[in-house]
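For reference, the structure discussed in these notes is given below.
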Amino acid sequence: MTVSSPKSFLVTGVGSGLGRAFAAGALAAGHRVVGTVRRSDDAEAFAALAPGRSHALLLDVTDYAAAPRTVADAEAAVGPIDVLVNNAGYGHEGVLEESSIDDLQRQFAANVFGPVAMIQAVLPGMRARRRGHIVNVTSMGGFITMPGIAFYCGSKFALEGISESLGKELAGLGIHVTALAPGQFRTDWAGRSMDRTPRSIADYDAVMDPIRAARQAKSGNQPGDPAKAADALLALVASDNPPTRLFLGADALGLVEQKLETMRSELAAWEALSRSTGFAA
């Protein structure tokens, strides 16, 4: 379906996965898309998707100084950016005790600091125009957690918090912010795109080995359809009142609902102690 009022999108990480699906969906709907990639071969392939409307820029999102230049080049190609989709990132899998601080720094560099640099680069123009939509692709792992991906969940929790706070800062300026939190989608996130720390401590075998094996087995068979995620993104940015966060996938909704129930139970069980910390009246 072609839209009557095309928008200009800037989507990071369009070489594969959800980023590629988001960009392809926006192009199919008639929008203009600048997509960032890390390799020149991917740039050529993306530019060929819709000549004149698909434009590729080389960017490593951990090169924070490149963000302003990237936004300037994107706007030179397609005009003012209406929608920024911070999609680029990756997953780190590893038991926390077995993983290094360097692993943690790399995870946050790609999943948190890079998106923030892009936000800071695009905001001056959006503020001047009093319109725009920033979509930060987080994860159901930004609300629920699983063993073995503590660094990944930590990075996505951080981006969720930044998104929610930023939305409150921009509420009066006509700029929307949404954390888009997918569940399991049929991409290569759990395959070659995942950084895995080698196992070394036997005490964690019982919890970690089945999880790692199941994740590797499920790669390529996840329940979520990336094309339908792209349709959801388009519906989101077309809304006049978009949500602060949007979970994608029945699996994500189910796990979130389970966590909310657990949280409610713990709040009730520990309510008296929680309330006991104030000064006496």
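Bear in mind these aren't lab numbers, they're just calculated from the coordinates by the rules spelled out. Owing to the predicted nature of the structure, the values given are computational and were not obtained by experimental measurement. Glycine also receives a Cβ, built like all others from the backbone with ideal geometry; neighbour counts cover every protein chain displayed.
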Practice prompt. Per DSSP H run of at least 4 residues, take -39500 (n - 2.57); add these up for the chain, divide by its residues and hand me the 222 nm value, nearest 500 deg cm²/dmol.
Written response: -14500 deg cm²/dmol
Item to complete: Can you tell me the FRET efficiency between R39 and F279 if r is taken as the Cβ-Cβ distance and R0 is 51 Å, rounded to the nearest 0.05?
Response: 0.25
Discussion item. Can you give me the angle between helix 250-269 and the longest principal axis of the chain, using Cα atoms only, in degrees from 0 to 90, rounded to the nearest 10?
Written reply: 40 degrees
Fill in: Degrees between helix 114-129 axis and first principal axis of the chain (Cα, 0 to 90, nearest 10)
50 degrees
Response to the item:
Per DSSP, the loop-located trypsin sites (Lys or Arg not before Pro) within segment 99-196 having at most 16 other beta carbons within 10 Å are R130, R131, R192
Response to the item:
Partner lysines whose C-alpha sits under 17 Å from that of K156, ignoring same-chain residues fewer than 8 away, are K259
Discussion item. Please rank V3, V61, fewest neighbouring Cβ atoms within 10 Å first, as an exposure proxy.
Written reply: V3, V61
